[in-house]
Every structure is written in C-alpha cells, then in structure tokens.
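What follows is a set of notes on a single structure, which appears directly below.
No lab work stands behind these numbers, since they all come straight from the coordinates. Everything numeric here is computed off the predicted structure, so don't read it as measured data. Positions of Cβ are backbone-derived with ideal geometry, glycine not excepted, and every protein chain shown enters the neighbour counts.
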Amino acid sequence: MNQKKMSMFSLGKPLSFNTKRALLKGIAASVIVTALYITIVVVTTPNLPPATAIATAFTINPLIIGGTAAAVGAQVAMTSYSKNLGCSLRGRKALVGAGSSGTAFSSFLSFFSLVPLGCCGSWLLILSLLPSVVGTSVSAALIQYSIPLSYAGLAIVAGFTALTAAKLRKELKLRQSGISKFKEDNR
Amino acid sequence: MPGQTKPRKGLVIGVSIAGIAAIIIIALLVGNGNFLPFAQSPSSDGRQTIPSSTGTTNSIVPLDQIVSGGPPRDGIPSIDNPKFVPAKDAGLQDSDLILGLNINGDIRAYPLKILVWHEIVNDEVGGTPVAVTYCPLCFTNQVFKRTIDGQAVEFGTSGKLYNSNLVMYDRTSESLWSQALGQAIAGEHSGRKLERIPFDVAFWSEWKVLYPESQVLSQDTGFGRPYGVDPYGNYYTDPDILFPVSHRDDRLGPKEIVVGLENEGSYRAYRLQQIEDSHVINDDISGKKIVLISLHPFMARAYDRTLDGQVLDFRYHDGKVVDTQTSSIWNFEGGAIEGEMKGKQLTRLPFDEGFWFEWVAFHPDTSLYNQ
C-alpha cells in the first residue's frame with residue numbers, strides 16, 4: 001500500500017490550519033503554565049527582586065519548569081488537534097485531568113525548594129500548615145522527598161502526554177486505514 | 001459536541017485549581033495574611049496576635065532594606081511556653097545539633113530541628129528571661145537576655161528580613177530587632193542592643209555526655225510540625241547561596257561557619273574548623289585579650305584571658321588546656337582545675353556564630369583570623 005502517513009507535522013509541507021491552531025494552543029498553554037509558576041515564585045518570595053526570584057527558580061528547578069510546560073503544551077496541542085479532526089480519544093478527559101493533577105502536584109512540591117530563599121519565608125509558613133491538612137507523617141514524607149516526588153509528578157505528566165500521543169497516533173492510523181479502505185472499495 | 005468539551009473541561013478544572021491556589025497565596029501575601037484565621041485568633045496559649053502597626057519610624061537602617069519574607073507577623077510562631085524533658089527521654093539522634101545553654105547551673109538543650117520551625121523560644125533559664133533564637137538561612141544562633149528597662153519582654157517573628165536574616169519584634173513596643181545585630185533597627189527602641197548570653201552549638205552525642213542532667217526542649221510545643229525533617233534540605237551543605245547579599249566577600253566560602261567577635265568597633269571572624277583543629281587560639285582584638293577553646297566537635301567557647309590584671313597565654317598540650325605562665329590546667333568551662341591557678345575562673349564571652357556570608361554582610365570591615 002502506498003499511502004501517506006497522517007501526522008500533525010509533515011516535513012517540507014506547510015502546516016495545516018488544524019496543526020497551526022493546535023500548536024498555538026499548545027504554546028499558549030505552555031506559556032500560561034510557566035507564567036503561573038513564575039507568578040507564584042515572585043509572590044511567595046517578596047524579599048527578592050522579581051528578576052532575581054525568577055532567575056533563581058529557573059536555576060533551582062529548570063527541569064520541572066521546562067518539563068511541565070513542554071508536557072502540558074504537548075498535551076493541549078494533541079487534544080486540540082484530535083478534537084479538530086473529530087477523533088475521539090478514549091479516556092481523554094481522564095488523561096487531561098491526570099496530566100493537570102500531575103502538573104499541580106509536581107509544581108507544588110518543586111516550590112518546597114524555595115524555602116532556602118528566605119528565613120521565615122512564605123514556603124516555610126506553607127510547609128508549617130501542611131500537617132494540619134495532611135497530617136504530620138505525610139507532611140514529613142512530602143518535605144523529605146519533595147525533590148524525587150516532584151520529578152515523579154513530572155514523570156506522570158510526561159507519561160500521560162506520551163499516552164495521549166500514542167492514542168492519537170492509533171486513532172490517526174485507524175482513520176487512515178478507514179480512508180484507504182473506502183477508496184479501494186470505491187475504485 | 002459534548003464529547004469534545006470533556007477534555008477542555010478537565011484542563012479548565014486543573015488550571016482553575018492552580019489559579020485559585022495562586023489567588024489565595026497572592027491574597028495571603030498582599031493582605032499580609034491578616035484575613036487568615038491563624039493570624040488573628042488566639043494562639044494555642046491564648047495569646048492574641050498584635051495588630052500589625054509595627055513602628056518602623058526611627059530606623060537605624062534603610063527602611064527599604066527591611067523586607068517582607070512572606071509570612072505575616074507570628075506566621076512562624078515562637079514557642080512561649082516551652083516544655084522540657086530529661087535528656088534520656090529526648091529521643092534525639094547523636095548527629096542532631098542542639099543549642100545548649102547553661103545559666104546558673106540550669107542546663108538546657110534546644111534541638112535545631114525544633115527551632116527551625118519556630119526560630120524563637122521565649123524561656124526563663126536559671127532565673128534569667130532569655131530569647132533563644134535561630135535563623136536557619138544564616139545559621140545564626142543567638143541567645144539574648146530579653147529584658148528591656150528591667151521588664152521582661154517576649155519576642156516574636158516579624159515576618160520580615162534584614163540582610164536575609166531574621167527580624168524579630170518585641171511584643172511590648174513592637175520595635176523591630178535584627179537577630180544578627182542583636183539590636184533594634186526600627187521603632188521605639190531603635191539602636192538599643194540586647195545583652196548576649198554565651199551558648200553552645202553541639203552535637204547531641206557530645207552534649208548528652210557533657211551534660212547528662214540537661215533538660216531538652218520537648219516536641220510537645222503546642223504546634224503540629226514535622227519536627228523530624230528540615231525544610232531547608234541540603235541548603236546547609238550546598239556551597240552556593242541563591243539570593244543576593246548586600247556585601248559579598250570571597251575570602252571564605254559563603255557557608256563556612258565562623259565565630260565572630262567584636263571589640264570597640266573592631267570585628268574579627270574565626271573559622272570554626274580552624275578553632276576545632278587548633279583547640280586553642282590566643283588573640284587580641286583591639287586590645288582585648290581573648291582565647292578561643294574547642295575540645296569537642298562543633299563546640300567553641302571564647303574567654304577573656306585577662307585574669308586579675310594578668311594576661312594569660314594558653315596552649316593545647318596532651319589533650320589539656322594549659323596556661324604558659326603557671327602551667328595550670330584549665331577545663332572547657334574556663335575554670336582552672338589543677339596547678340597554681342586552681343579555683344580561678346575565666347570570664348566567658350558571647351560571640352556570633354553563623355555562615356560567613358552573613359557575618360561579612362553585617363560586618364563588611366571584618367578581619368579574618370590568620371589571613
């Protein structure tokens with residue numbers, strides 16, 4: 001069978017309207033996630049000039065910031081693309097929900113590393129309040145293992161993004177084979 | 001199509017949750033946390049939070065350098081009714097660091113793993129009202145006599161920082177006090193200094209052997225905190241600092257622990273490691289003759305080595321501290337235990353102990369011993 005593979009991107013060809021729209025949405029989502037992260041950093045470290053706070057956050061958590069932004073952006077782009085094509089990714093809501101939860105979890109834990117930016121700073125206060133919400137033992141574990149847990153959260157986000165990509169790919173393959181079959185039947 | 005709106009809904013919910021969290025944090029900070037119940041209602045000991053009207057007039061430092069750390073006043077709560085347990089019931093690890101205090105034979109240990117969540121303990125030791133303070137960021141431990149004009153006052157955390165160091169406030173006049181300077185930097189008492197009290201920072205393994213009768217600050221503080229973990233993580237051992245400091249000096253690594261002494265406007269820093277290695281250091285700071293002694297890991301003490309008008313020189317010999325003039329043997333408490341001087345007692349001197357970056361930020365003209 002000499003059929004062209006369907007994908008979001010085809011090298012050497014101009015991007016379709018759907019692809020462009022999906023990409024724009026993905027980039028917008030990445031920017032929003034990064035901006036939200038940065039806003040929280042700036043607001044919770046008032047003792048530092050904003051530029052210093054932002055630079056410091058990128059120094060401490062470059063992977064978390066970049067990774068979550070990229071993963072969320074990719075997920076939004078893919079769901080947008082599939083929606084515009086009329087594909088129905090099974091469990092899409094769960095995927096996006098899990099991805100969003102993973103992003104929030106990963107980001108929240110990564111903020112713990114901002115504690116050393118200020119003696120009696122906002123994050124020391126927030127961590128102080130954790131035991132009343134999740135109990136002393138869970139708080140202790142969250143604080144002690146905040147870095148590996150934040151990376152685990154990032155891995156979850158990336159994992160669900162990969163799952164979304166796999167499902168989209170499968171849907172597109174099914175769709176392509178359906179089109180080919182339709183063409184052959186009508187030949 | 002309903003099926004197409006589902007994913008968007010999920011994303012919207014996720015982003016909304018994050019947005020709400022951000023708004024709460026912004027409101028918390030912009031509103032100085034005053035709308036939050038914990039900031040306004042009585043604390044567990046019935047104390048009312050003082051309205052935020054701290055007098056920031058009459059400041060001895062530029063007001064724009066006293067910055068908010070984020071939490072409201074008393075957001076990091078001081079311990080005002082400390083409870084103590086005997087050393088054998090303390091449940092500490094040998095490697096835990098404690099701040100040790102001995103006033104008139106009343107010996108107490110304050111684990112840093114508790115202090116890190118409270119930063120100030122208002123206590124009375126040996127009949128003396130004291131404020132035991134700890135700024136984790138600068139690793140500055142300091143004990144002050146909390147008496148102003150003969151009246152005992154309580155200190156709390158102001159939620160503000162000066163030079164990245166804890167700024168306390170007294171609950172009587174609401175003046176702001178720099179922990180590193182031990183001095184009021186704004187408000188009614190601006191410029192006044194608190195009397196420092198000598199203390200030790202020690203490993204629990206050493207302290208419990210030296211002072212088995214010591215009372216230890218209990219984890220039953222009235223506050224639910226995960227005392228077993230340090231929220232600052234590997235900050236203490238990471239060689240870098242992530243925030244700007246007003247004066248940087250590369251003679252030492254920023255987190256090298258130093259002991260700082262002052263006499264008549266002259267400041268001198270000593271590397272704690274050097275004191276530990278030398279065991280005894282005789283020095284002269286603007287005419288004041290001092291000796292630094294370290295016989296146990298992490299523990300260093302400073303004494304005035306002028307006794308009854310005679311200046312003594314000390315050396316470390318065969319595991320003992322000996323004075324050159326009479327060959328008398330002295331113990332870590334600064335007392336002569338053998339020889340001609342037996343029964344004599346050196347006067348212990350308070351000093352600052354903390355990271356180099358903090359000492360040099362507050363005392364940019366400091367000299368460094370042996371440099």
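Between B:F351 and residues 5 or more places away or on another chain, which pairs have amide H atoms under 5 Å apart, with H built 1.01 Å from N, and which residues are they?
The list, which skips near neighbours in sequence, is B:F199.
Express in nm, to one decimal, how much length is gained between A:T52 and A:T39 on full extension, taking 0.36 nm for each residue of separation and deducting their alpha carbon distance.
Using 0.36 nm per residue and subtracting the Cα-Cα distance, I get 3.4 nm.
From the phi of every residue in region A:28-41, what ³J(HN,Hα) in whole Hz does the Karplus formula 6.51 cos²θ - 1.76 cosθ + 1.60 yield, where θ is phi - 60° and glycine or proline is x?
Along region A:28-41, the couplings run 4, 5, 4, 5, 5, 4, 5, 5, 5, 4, 5, 4, 4, 4 Hz.
Kindly state, to the nearest 0.05, the FRET efficiency for B:F332 paired with B:Q219, given R0 = 30 Å and r defined as their beta-carbon distance.
E between B:F332 and B:Q219, to the nearest 0.05, is 0.55.
Hey, which of these cross-link pairs are over 22 Å Cα-Cα: B:K83/B:K208; A:K83/A:K173; A:K20/A:K183; B:K83/B:K193; A:K25/A:K181?
Table pairs above 22 Å Cα-Cα are A:K20/A:K183; B:K83/B:K193; A:K25/A:K181.
Which whole-Hz couplings ³J(HN,Hα) result when phi for each residue of region A:117-122 is put into the Karplus expression 6.51 cos²θ - 1.76 cosθ + 1.60, θ = phi - 60°, listed in order with x for Gly and Pro?
8, x, 5, 6, x, 4
Give the calculated FRET efficiency between B:Q310 and B:E276 to the nearest 0.05, with a Förster radius of 30 Å applied to their Cβ-Cβ distance.
0.60
Give me, ordered by chain and number, the residues 5 or more places off B:I107 or on other chains with an amide H under 5 Å from its own placed amide H.
Long-range HN contacts for B:I107: B:Q215.
Taking 0.36 nm per residue of sequence separation and subtracting the Cα-Cα distance, how much length would be gained by fully extending the chain between B:E188 and B:N104, in nm to one decimal?
27.1 nm
Past 26 Å, Cα to Cα, is the threshold; run B:K88/B:K255; B:K113/B:K289; B:K288/B:K342 against it and keep the listed order.
Over 26 Å apart, Cα to Cα: B:K88/B:K255; B:K113/B:K289.
Quote the FRET efficiency, to the nearest 0.05, computed for B:D283 versus A:A165 with a Förster distance R0 of 60 Å and r equal to the Cβ-Cβ distance.
0.35
Can you give me the three principal axis dimensions of region A:18-186 from its C-alpha atoms, in Å, biggest first?
Sorted largest first, the three principal extents are 74, 35, 20 Å.
Using Cα-Cα distances under 8 Å and only pairs 6 or more residues apart, what relative contact order does region A:18-186 have, in percent?
Across region A:18-186, relative contact order equals 29 percent.
Which one of A:S110, A:S150, A:S30 has its Cα pushed farthest toward the positive end of the charge dipole of region A:18-186, where Lys and Arg give +1 and Asp and Glu give -1 at the Cβ?
Highest projection toward the positive end goes to A:S30.
So, with +1 on the Cβ of K and R and -1 on the Cβ of D and E, and no other charges, what is the size of the charge dipole of region A:18-186 about its Cα centre, to the nearest 20 debye?
My answer is approximately 900 debye.
What spacing in nm lies between the two simple spin-label points modelled at A:T59 and B:T147, each 7 Å away from Cα in the Cβ direction?
Each label point lies 7 Å from its Cα, and together they span 4.5 nm.
In whole Hz, what ³J(HN,Hα) sequence does region B:342-348 give by Karplus (6.51, -1.76, 1.60; θ = phi - 60°), x for Gly and Pro?
Taking θ as phi minus 60°, the curve returns 3, x, 6, 10, 7, 8, 6 Hz for region B:342-348.
List the residues whose amide H sits under 5 Å from the amide H of B:L295, counting only those 5 or more places along or on another chain, with H placed 1.01 Å from N in the peptide plane.
none
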